[in-house]
Amino acid sequence: MTVATRLANAGDLASLRQKILAGRKSTKIAISVCAGTGCRAQGSMELFEEFQRELQEQNLTDVEVRATGCHGFCEQGPLVVIFPRKIFYRGVKVKDVPRIVEKTIRNNEVVDSLLFKDPATKKKCLLENEVPFYAKQQRIVFRNNGKIDPTQIDDYIAADGYAALAKVLTKMSAEQVIEQVSQAGLRGRGGGGFPTGRKWDICRAQPGDEKYVICNGDEGDPGAFMDRSIMEGDPNSVLEGMTIGAYAIGASRAYIYVRAEYPLAVTNLSIALEQSRSLGLLGENILGSDFSFDVEIVRGAGAFVCGEETALIASVQGDIGSPQQRPPYPAQAGLWGKPTNINNVETWANVPVIIDKGSKWFAGMGTEHSKGTKVFSLVGKVLNTGLVEVPMGTTLREIVYDIGGGIPKKRKFKAVQTGGPSGGCIPESLLDLPVDFEKLTEAGGMMGSGGLIVMDERTCMVDVAKYFLAFLVDESCGKCSPCREGVMQMHSILCRIVQGEGREGDIELLEQLAAYVKESSLCQLGGTAPNPVLSTLRHFRNEYEAHIKDKKCPAGVCTALVEFEVDEELCKGCGLCMRDCPTEAVIGEKKQPHKIDVELCIKCGVCYEDCPFDAVIAK
Amino acid sequence: MTEETIKLTIDNQEVEAEAGQTILDAAKTLGIEIPTLCYHPAVPSAGACRICVVEITAGARGALVPACAYPVQEGLGIQSNSERVRQSRKMTLQLLLARSPGAKIIREMAKEYGCEELRLERKDDDCIMCGLCVRVCQQIIGTAAVCFAGRGPDREVSTPYKLLSDVCIGCGACAFVCPTEAIDPAEFCSNPLEKIANEFNCGLDNRTPVHIPFPQAVPNKPVIDRENCIRFQTGGCGACQSVCPAEAIDYDMEDKTVQEDVGAIIVATGYKLFDTEVFEEYGYGRYPDVVTSLEFERMVSASGPTDGQLYRPSDGKEPKTIVFLQCIGSRREKGGVPYCSKICCMYTAKHTILYKHKVHDGQAFVFYMDVRSGGKNYEQFVRRVLTEKMATYLRGRVSKVFPRNGQLVVRGADTLSGGQVEITADMVVLAPAIQPSPGVQDLAQKLRIGYDQHGFLLEAHPKLRPVETNTAGVFLAGACHSPQDIPDCVAQASAAASKALGLVSHKQLTREPTIGVVNELSCNGCFECENVCAYGAIEHKELRDREGDLTATLAHINEGLCQGCGACAVTCRSKSIEVQGYRDDQMFAAINAISR
Ligand SMILES: Cc1cc2nc3c(=O)[nH]c(=O)nc-3n(C[C@H](O)[C@H](O)[C@H](O)COP(=O)(O)O)c2cc1C
Ligand code: SF4
Ligand code: SF4
Ligand code: SF4
Ligand code: FES
Ligand code: FES
């Protein structure tokens, strides 16, 4: 890190960038060790230190080790990518370090055992972009993640960081900025999909000098972690986006609301704030202009509902995180009653690129009404899980099969749940759906924050609906009757159904409640909470009927409604189920077909999951 | 911002509203009823219960919005009772009914919407989570003693950590706004505010700091009792101001001293009851079921603390036997007053009738000295009580009232049968003597009118000038003069009023010509005369020179007030006052003429 001297103008910034780049050869070898939360949990920081130690020991001072943000493929972590070739190593352990240094760094050879093997083709991939998980992605929001050290603002500046801000401050009026963002067709990535340019314009048009900008980093959807990865891996892109937005809106203060469970994001954002302040990229008279702006971090208590903008504002103000009836909208009367503009982390991170590369370039990607890319967090029953950034309009099939590598254990795909807990399940028949805001909603799902949970044939859709509703019952703030009482009642009906106590009329009652909760709730938590039920009812109604009328769970999940049995034809007598059964209900001789004692069986389903030959069947 | 008017339509009727008003406000001006639960006019809206949803015609399908929290917008079209609205309200009610089957308001609303059948899993929580208590405490009272804890269905209203609250001031605002009577600050308040006794109901119930002093008060308007008002004591609350549609509440108003020049004054200061606690034998103040006749009057009044139901104070039971004791303190030379209080015989007779109306199978006894029923039809009234067996009259005095087995024993003499009687009663009603209101003597001194040894004000002449006083222009009406019943009071008041009118309706005042005059040449302004004038007729007259500088202050006699008694004339050392028609020279001339 260069000793901070305030950049007096845009020219200073450009020369600083030249200076940094001059000190770096493009052919220079750099080892990028993922220091995202996922890889850290698997020991990547020790790995990083080990690389440093090893290189020093071997006097390889020319080689740089860089701790970067999340690469998105956390499942395979810790990840190490060797630049400039981008050799991709996965599952790297401390003990692998000497080998990598010896072979790859010194002799330009590959450590074969650390390469990624495509589970579909069984082929090994050498380079990052050969890995199918990455091959189809287009990384715009994640442009720097995995490449730069988020704690070094120099890295960001070297990658053209803050060029967009310099351009805005020197060459563009606020109106022009809004025009650019509007023309790019950027829509909010926090779930609502509201056109960002229009939002800024509304806030800009409000009377009053005191306005606020907020970055929504609450990310309450379980399983989603794209916002965390951006805040951790490229915090300056968020700050730059916010500064540009504030300039356009006429705000001089901002808050980043980060959930308390994201300590690394808070650390990296704080470092970025400090560094950009000392360079004069934040604070008074940024880059010598008469625009002044600063940002503060607020740590949220980690309630899902606090991601809702009015609840978030209440929480920043120190009140209970409960949503407020709108209007007034935050743009009219938000934080401390002043016009406030809230955008999601990913939305902010898109802004600098749009200014940099132009609205045409951005609008060139995506579908008619959804432009640019979207980061999805692909999880569930797929081979490759992780963060996936693809252009809008990519089909679900491409994401699930090409990037995700399809369903493990050769099982059948059943549905993909999109949009977080209050999203919906989309069935196989709609797999060719190009994902964008409208298409997902039409199909009964939603964009939400970009969660994608893949489900295979062994998923019970009634159980899935129940699972998500349980989450929503807990996370409802409890302020309004429809959401507090209605979702709870829906959940208890679902509980009855999976218990085999479903009654004639339950489906209709669920539908009535769902329609009511959707249109009568105060905020969009309640407004979307019935989605899991509605979408499963729409696409998988027969499963509900099977539970209620026949008292059967076709997927074999609802323990009250299944009985496990061993198919004697298929059973090879391997004994795996017998070993794992907690109540010793499986009996049989080795190499002989086993049997399940229904009296002892507690229907935990371990055998059903275990059996490599799918010989345990649910009835 | 300028006040804009906004036009919108509700149920196809056009209405104008002010910016910042809600749909509910606008509907009110049209007389359209929208049900509410979490709304209170004094408390900021939250839009939480969703019972007030109405349909707005914005967007493709329109939307349901809460009328109580949704601001009016130009051109908005609203349906307040469409099928969609009713369906939503029904479902809200079903859910709330399942949550709070014990809440009366929910049961009633559900009945009205035809959805009282329980279809959903039930809980038994009276709180419907409307949040009014939390909002009123936080935003109106400013205490924030109760708050929400927990999320979703586990949300509850509680003090922090469910501990006894020393922040709670026990004002009861939360209980007041709660639609389901689910909250009681007594359960969590560590030092509740003292209840304020309702003076008009003799302290038999309580009142709020802002209150209308009594039914049919003139003017019939509320007053704020500063000693008990949270606003005046802590600067918080302000609820009454925020609800008052006439914006009539002004906390900065001060008490004022008003000075008026008047031509006549009517004194009508009324009376008070003798403090019966001094007669220990009757047990008033010791036994809750011994009450005064005035307390009894409030208890049986339809606008009283029990809405006219008669319960005995100790345990709320209906008194099956009741004993009325007359002449408590009256006609009692020692320790009481020697005069007859005049009204007790008649009201006690009335009380026995009222009692029998309330308790058909009850038994009433009356201890009396004499039944004095002088007055038009009075005797007939008492006869009716006796012949219709409303009460058993016992002539004699009571020596003791004491408790026995949860009842009261009244021991007294029945002088007609010549024996002692003991009556076991549920309740005893005392008829205390009447005394002038406290402070009336001070007033009399200010007005320079006389009073007797009991403090009753004196009339100018008992037969010829019964409503006038010795001070010209001051008249008497009602019990300040003597114990009086209502017809007497009204008659006296009418008389006093016409006397006063007779005085002030003329352009000029006619008076006796024999009044004092001051000789300004010899008066030296010692004002000895002022001290002796019983009628306050001596005024200060200032003499000024051409420049307006004060040269002397001399005595001047107010011709309207002077009664010509001559007290000043004899007091004046410089002989500067003479009574007209009785000047010294005139007197001497008269004497000379006689003696000639
Ligand atoms: C229940 C609920 C939870 C939400 N959680 C988040 C969240 O975690 N992160 C987020 O950015 N937006 C969240 N939102 C959306 C925000 O309310 C808001 O629309 C968004 O931050 C606006 O930013 P955008 O226009 O950039 O999307 C949530 C909305 C609801 C109703
Ligand atoms: S819809 Fe749910 S989360 Fe939203 S205000 Fe109502 S209770 Fe709270
Ligand atoms: S009684 Fe206590 S809790 Fe209730 S409003 Fe008053 S201060 Fe608040
Ligand atoms: S206690 Fe009463 S006022 Fe408070 S939230 Fe419950 S129902 Fe509403
Ligand atoms: S944390 Fe390393 S790839 Fe996500
Ligand atoms: S009365 Fe309007 S939402 Fe409760």
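Judged by the ratio a/c of the largest to the smallest principal axis of the C-alpha gyration tensor, chain A counts as oblate, that ratio being 1.5 or greater while a/b is no larger than b/c.
Shielding by partners for peptide A:469-477, expressed as the average number of C-beta atoms from other protein chains within 10 Å of each residue's C-beta, is 2. Note on A:Lys551: aspartates and glutamates with a C-alpha under 15 Å away, same-chain residues under 8 apart excluded, are A:Asp463, A:Glu501, A:Glu504, A:Asp506, A:Glu543, A:Glu563.
Over segment A:286-441, what lengths in whole Å, largest first, do the semi-axes of the equivalent ellipsoid take, defined as the square roots of 5 times the eigenvalues of the alpha-carbon gyration tensor? Numbers along the way, then the final one.
On the way: eigenvalues 237, 97, 43 Å².
Semi-axes from the Cα gyration tensor: 34, 22, 15 Å.
Separation of segment B:166-241 and segment A:406-471, taken as the distance between their Cα centroids, equals 57 angstrom. Here the simple spin-label model places points 7 Å from the Cα toward Cβ, and for A:Cys604 and A:Ser113 these points are separated by 3.4 nm. For segment B:445-526, the convex hull spanned by the alpha carbon atoms encloses 140 Å³ per residue.
Residue by residue along B:118-131, Cβ atoms of other protein chains within 10 Å of the local Cβ number 3 on average. Got the relative contact order for chain B handy, in percent, Cα pairs under 8 Å and 6 or more residues apart? 8 percent.
Computed with a 1.4 Å probe over protein heavy atoms only, the accessible area of B:Glu281 comes to about 50 Å².
For segment A:192-222 versus segment A:320-344, the inter-centroid distance based on Cα atoms is 9 Å.
Label chain B by shape, choosing from rounded, prolate and oblate, from the square roots a ≥ b ≥ c of the eigenvalues of the Cα gyration tensor; if a/c is under 1.5 it is rounded, and otherwise prolate applies when a/b is larger than b/c, oblate when it is not. Because a/c hits 1.5 or more and a/b fails to exceed b/c, chain B counts as oblate.
Helix A:235-249 and the long axis of chain A differ in direction by around 70°, with both axes built from C-alpha atoms.
Temperature 37 °C, viscosity 0.692 mPa s: under these conditions the Stokes-Einstein estimate for segment B:263-509, based on its Kirkwood radius over C-alpha pairs, is 168 µm² per second.
When the listed pairs A:Lys409/A:Lys552; B:Lys272/B:Lys342; A:Lys466/A:Lys518; A:Lys28/A:Lys136; A:Lys409/A:Lys595 are checked against a 19 Å cut-off, the alpha-carbon distance exceeds it for A:Lys409/A:Lys552; A:Lys28/A:Lys136; A:Lys409/A:Lys595.
Computed from the Cβ-Cβ distance with R0 of 35 Å, the FRET efficiency linking B:Gln445 to B:Asn524 stands at 0.80. Classified by the C-alpha gyration tensor, segment A:153-363 has a rounded form. Its axis ratio a/c, with a ≥ b ≥ c, is below 1.5.
Distance from the C-alpha centroid of segment A:504-574 to that of segment B:524-596: 110 Å, rounded to the whole angstrom. The per residue volume of the convex hull around the alpha-carbon atoms of segment B:525-596 is 115 Å³.
Sorted by accessible area with a 1.4 angstrom probe, largest first, how do A:Thr151, B:Thr551 fall?
Details: A:Thr151 35, B:Thr551 90 Å².
Reading off the accessible areas and sorting them downward yields B:Thr551, A:Thr151.
For segment B:464-596, taking the reciprocal of the average inverse distance between every pair of different Cα atoms yields a Kirkwood hydrodynamic radius of 17.5 Å. Packing, taken as the mean count of other beta carbons within 10 Å per residue, orders the peptides A:206-219, B:260-273, B:20-33 from highest to lowest as A:206-219, B:20-33, B:260-273. In degrees, nearest 10, range 0 to 90: what is the angle between the Cα axis of helix B:378-387 and the longest Cα principal axis of chain B? Relative to chain B, helix B:378-387 is tipped by roughly 50 degrees. Measure nothing fancy, just the Cα-based angle from helix A:531-545's long axis to the longest principal axis of chain A, in degrees from 0 to 90, nearest 10. For helix A:531-545, the angle is close to 20 degrees. About its Cα centre, the dipole of segment A:153-363 is roughly 580 debye, where the only charges are +1 on Lys and Arg Cβ and -1 on Asp and Glu Cβ. When B:Arg155, A:Arg228, B:Arg122 are compared by accessible area at a 1.4 angstrom probe, the order from most to least is B:Arg122, A:Arg228, B:Arg155. In this simple spin-label model, placing a label point 7 Å from the Cα along the Cα-to-Cβ direction at both B:Val223 and A:Glu261 gives a separation of 6.2 nm. Amide hydrogen proximity for A:Tyr212: with H placed 1.01 Å from N in the peptide plane, the residues at 5 or more positions away or on another chain lying under 5 Å are A:Thr340, A:Asn341. Normalising the average separation of contacting C-alpha pairs (under 8 angstrom, six or more residues apart) by the number of residues puts the relative contact order of segment B:263-509 at 25 percent.
Straight-line reach from B:Lys446: taking Cα to Cα under 20 Å and skipping same-chain neighbours fewer than 8 places apart, the lysines in range are B:Lys256. Remark: mean inter-chain Cβ contacts per residue of B:44-56 equal 3, using a 10 Å Cβ-Cβ cutoff to other protein chain atoms. Bridging of B:Lys320 to aspartates and glutamates at a Cα separation below 13 Å is possible for B:Asp289, B:Asp361, B:Asp426, once same-chain residues fewer than 8 apart are set aside. Per residue, the convex hull around the alpha carbon atoms of segment A:1-142 comes to 136 Å³.
Could you order peptides A:136-142, B:436-442 by the average number of other Cβ atoms within 10 Å of their residues, highest first? The partial results should precede the final answer.
Numbers: A:136-142: 20.4, B:436-442: 14.4.
With the highest mean Cβ count within 10 Å placed first, the list reads A:136-142, B:436-442.
Remind me, what semi-axes does segment B:1-102 give for its equivalent ellipsoid, largest first in whole Å, using sqrt of 5 times each Cα gyration tensor eigenvalue? Walk me through the numbers on the way to the answer.
Numbers: eigenvalues 117, 51, 23 Å².
The answer is 24, 16, 11 Å, longest axis first.
R0 = 41 Å: FRET efficiency of A:Lys95 with A:Glu457, Cβ-based, nearest 0.05? Before the final figure, lay out each step's value.
Values: r = 40 Å, r/R0 = 0.97.
The value I calculate is 0.55.
Under the simplified labelling scheme, the A:Gln56-A:Thr27 pair shows an inter-label distance of 2.9 nm, with each label point 7 Å from Cα along Cα→Cβ.
Between the beta carbons of B:Leu164 and B:Tyr311, assuming R0 = 35 Å, the FRET efficiency works out to 0.60 to the nearest 0.05. Residue ranges B:219-225, A:543-549 sort as A:543-549, B:219-225 when ordered by packing (mean number of other C-beta atoms within 10 Å per residue, highest first).
Remark: segment B:504-513, residue by residue, has Karplus-estimated 3J(HN,Hα) of 8, 7, 8, 5, 10, 8, 8, 9, 5, x Hz, where x stands for each Gly or Pro and the curve is 6.51 cos²θ - 1.76 cosθ + 1.60 at θ = phi - 60°. Couplings 3J(HN,Hα) of segment B:567-572, computed from phi: 4, 5, 4, 6, 7, 5 Hz, in residue order, whole Hz [Karplus 6.51 cos²θ - 1.76 cosθ + 1.60, θ = phi - 60°; x for Gly and Pro].
In percent, how large is the relative contact order of chain A, given Cα pairs closer than 8 Å and 6 or more residues apart?
Working: 1317 pairs, mean separation 70.9, N = 619.
Taking the mean separation of contacting Cα pairs over the length of chain A, I get 11 percent.
Where the eigenvalues come from the Cα gyration tensor of segment B:377-500, what are the semi-axes √(5λ) of the equivalent ellipsoid, largest first, in whole Å? Please report the intermediate quantities before stating the final value.
On the way: eigenvalues 328, 73, 30 Å².
For segment B:377-500, the ellipsoid semi-axes come out as 40, 19, 12 Å.
Couplings 3J(HN,Hα) of segment A:548-562, computed from phi: 7, 7, 8, 6, 10, 10, x, 7, x, 9, 6, 4, 5, 10, 10 Hz, in residue order, whole Hz [Karplus 6.51 cos²θ - 1.76 cosθ + 1.60, θ = phi - 60°; x for Gly and Pro].
Net charge in the neighbourhood of B:Gly114 (other residues with Cβ under 14 Å of its Cβ; Lys, Arg +1, Asp, Glu -1) is +1. Near B:Val474, the amide H atoms lying under 5 Å from its own belong to B:Ile265, B:Thr469; only residues 5 or more places off or on other chains count, and H is placed 1.01 Å from N.
At 222 nm, what value in deg cm²/dmol follows for chain A if DSSP H runs of at least 4 each add -39500 (n - 2.57) and the sum is divided by all its residues, to the nearest 500?
On the way: 23 runs with 219 residues, N = 619.
It lands at -10000 deg cm²/dmol.
A cut-off of 5 Å between modelled amide H atoms, ignoring neighbours fewer than 5 places along the same chain, links B:Ala42 with no other residue.
Legend: translational diffusion of the protein assembly as shown by Stokes-Einstein, Rh = Kirkwood radius over C-alpha pairs, 25 °C, 0.890 mPa s; D = 63 µm²/s.
Kindly work out what percent of the DSSP beta bridges joining two residues of chain A are antiparallel, to the nearest 5.
Values: 34 of 61 bridges.
Rounded to the nearest five, the antiparallel share is 55 percent.
Just in segment B:467-551: which trypsin sites (Lys or Arg not before Pro) are loop by DSSP and have at most 16 other Cβ atoms within 10 Å? Sites meeting the loop and neighbour criteria: B:Lys507, B:Arg511, B:Arg546. Hey, which of these cross-link pairs are over 27 Å Cα-Cα: A:Lys412/A:Lys549; B:Lys195/B:Lys358; A:Lys412/A:Lys603? Pairs exceeding the cut-off: B:Lys195/B:Lys358. Using a probe of 1.4 Å on the protein chains alone, the accessible area found for B:Asp205 is around 40 Å².
The values are calculated or read from the model by the stated rules, or taken from the named source; none is laboratory data. It should be emphasised that the depicted structure is a prediction, and the values quoted were computed from it without experimental measurement. Neighbour counts are summed over all protein chains in view; Cβ atoms, including those assigned to glycine, are modelled from backbone coordinates with ideal geometry. Side chains are part of the model used for accessible areas, which takes the heavy atoms of the whole protein and leaves out ligands, DNA and RNA. Shrake-Rupley method; radii C 1.70, N 1.55, O 1.52, S 1.80 Å.
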